[in-house]
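*Asks:* Can you keep this structure in mind? I'll have questions shortly.
Any read-out appearing in this document is the output of simple, stated calculations on the displayed coordinates, not a laboratory observation. What you are looking at is a predicted structure, and each value in this text was computed from that prediction instead of being measured. Heads up, the Cβs are rebuilt from the backbone with ideal geometry, glycines too, and the neighbour counts pull from every protein chain shown.
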Amino acid sequence: MKPYILSSYRKAYQVIQSSLNQDHIESSRNYINNFFKLYSIPSKKVFEFVEVRDADKMLAQMYGRLYSLLEEKEKSLK
């Protein structure tokens, strides 16, 4: 496990929970995408206009959970 991943996860969670409007939701989305990018590695697979990254199982689960939380928060604001 890479150092600081758990504290980064907690921070991403806090960013999502503090979202108050759609602009905050978009900023949270960028934040969790950057979280994923920071702890994943570029893949050797190449697709035309898509950046492909490899992640271990734990990181993929953390990212999936953050994204679910973000979707729930977005629905609650509507």
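*Asks:* Read through the list (1) part of a helix (DSSP H, G or I); (2) hydrophobic (A, V, I, L, M, F, W, C); (3) more than 11 Å from the chain's Cα centre (by Cα), then give the number of the only condition that residue 16 fails.
*Replies:* (3)
*Asks:* While we're on this one: Can you tell me which residue among 38, 77 is in contact (Cβ under 8 Å) with a residue 12 or more places away in the chain, in contact with a His (Cβ under 9 Å, 6 or more places away or on another chain) and either surrounded by fewer than 16 Cβ atoms within 10 Å (Cβ to Cβ) or β-branched (Val, Ile, Thr) (or both)?
*Replies:* Testing whether each residue is in contact (Cβ under 8 Å) with a residue 12 or more places away in the chain, in contact with a His (Cβ under 9 Å, 6 or more places away or on another chain) and either surrounded by fewer than 16 Cβ atoms within 10 Å (Cβ to Cβ) or β-branched (Val, Ile, Thr) (or both) leaves just 77.
*Asks:* While we're on this one: If a residue must be in contact with an Asp or Glu (Cβ under 8 Å, 6 or more places away or on another chain) and touching a residue at least 12 places away in the same chain (Cβ under 8 Å), how many such residues does the stretch 41-56 contain?
*Replies:* Of the residues in that region, 2 qualify.
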